[in-house]
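One structure is given here, and the rest of the page talks about it.
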Amino acid sequence: METDEARERAGGAAGPEGLSLPARVVVALGVAVVTLAVTVHLAMMFLHVAPPNTVSKRHAAEIDDYVYPEFEQNWKFFAPNPLQQNVAVQARAELTGADGRTTVTPWADLSARDGADILHNPVPSHTRQNELRRAWDFYAGTHDAQERPSGLRGRLAEQYVRRIALSRLGASQDGRPVERVQVRSVTTPIAPPPWSDEKADTKPVYRVLGWWPVTTADLAEARNR
């Protein structure tokens, strides 16, 4: 009968002891990196959800940069009444030609562009996933039904949405500069499943904003995107 010692000599040592020195170093480094990453993640999430304390207050900016938008907390998916509608953000531009005449472009569905970029993409850009959606949520939360802004945050939301729209449409088209941009949202309720007795009107609802003049600062920001 073959002894354990003979089997070890025939098949080599099992486990980490059987690895070469370079392989052991790589394994050790991998374990260290994973351990460090898990520790940092758990610490960041703990400080984010914990009551305000000295550490979380001192490093609030770093914690927020880590948590948002990578690990955004949003109850619209899990709440008793989850979000049951699709919201698309669209934009169009007013162009000025060499003869001074102005033309208006068709509506461009910015949300659909983001969706097409994300579809079947295993590692989609966080800009495509979150930038436009969060910007519109920011605007909607800082304006009333008459599109009146609530203080400085409302003005900042307008500027943010305007610059995103300009960056997506381009500062010019066919050599004609963009003078103004207009944004609207199209909210379409999601139809209930066939087995449900719930009735819902799936007619889209439009929220059309006024025309925003494009400023020099808007153009500079659009070029930097």
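Here are a few things to note about the model shown:
- Filter result for R162 (more than 15 Å from Q90 (Cβ to Cβ) and surrounded by 12 or more Cβ atoms within 10 Å (Cβ to Cβ)): no
- The one condition in (1) within 23 Å of the chain's Cα centre (by Cα); (2) touching a residue at least 60 places away in the same chain (Cβ under 8 Å); (3) under 12 Å from V214 (Cα atoms) that Q159 fails to fulfil: (2)
- Residues located in region 80-94, provided they are at pLDDT below 95 and either open to solvent by less than 30 Å² (accessible area, probe 1.4 Å) or touching a Ser or Thr at 6+ places or on another chain (Cβ under 9 Å) (or both): Q85, N86, V87
- Qualifying residue in region 184-206 (condition: free of Cβ contacts under 8 Å to residues at least 40 places away in the same chain, farther than 20 Å from Q84 by Cα, loosely packed, with under 12 Cβ neighbours inside 10 Å and not charged (D, E, K, R)): no
- From the list R184, R168, R207, the one residue that fits, being in contact with a strand residue (DSSP E or B) (Cβ under 8 Å, 6 or more places away or on another chain), farther than 23 Å from A145 by Cβ and either not in a loop (DSSP other than H, G, I, E, B) or not assigned by TED's automatic domain parsing to the domain that holds F138 (or both), is R168.
- Options D137, D174; residue that is surrounded by fewer than 18 Cβ atoms within 10 Å (Cβ to Cβ), over 23 Å from the mean Cα position of the chain (by Cα) and either acidic (D, E) or not assigned by TED's automatic domain parsing to the domain that holds L219 (or both): D174
- A search for C-beta distances below 7 Å between a residue of region 76-102 that is under 21 Å from A140 (Cβ atoms) and any residue that is charged (D, E, K, R) and modelled with pLDDT of 90 or more, counting only pairs 6+ apart in sequence or on different chains, returns A88/D109; Q90/D109; Q90/R184; A91/R168.
- Only one entry of A145, A116 meets the criterion of being open to solvent by 60 Å² or more (accessible area, probe 1.4 Å) and either on the phi > 0 side of the Ramachandran plot or under 16 Å from the mean Cα position of the chain (by Cα) (or both), and that entry is A116.
- Which numbered condition D201 fails, given (1) assigned to a helix (DSSP H, G or I); (2) more than 16 Å from the chain's Cα centre (by Cα); (3) modelled with pLDDT under 90; (4) of a type outside the set (G, A, S): (1)
- Candidate set from region 20-52 (those that are open to solvent by 80 Å² or more (accessible area, probe 1.4 Å), closer than 13 Å to I63 by Cβ and of a type in the set (A, V, I, L, M, F, W, C)); member that is modelled with the lowest pLDDT: V49
- Of all the residues in region 90-134, those that are part of a strand (DSSP E or B) and not β-branched (V, I, T) number 8.
The values are calculated or read from the model by the stated rules, or taken from the named source; none is laboratory data. Note that the coordinates shown come from a computational prediction; the quantities given were computed from them, not determined experimentally. Every residue, glycine as well, gets a Cβ built from its backbone with ideal geometry; the counts of neighbours run over all protein chains shown. The protein model used for the area step is the full one, side chains on, heavy atoms only, and it has no ligands, DNA or RNA in it. Shrake-Rupley method; radii C 1.70, N 1.55, O 1.52, S 1.80 Å.
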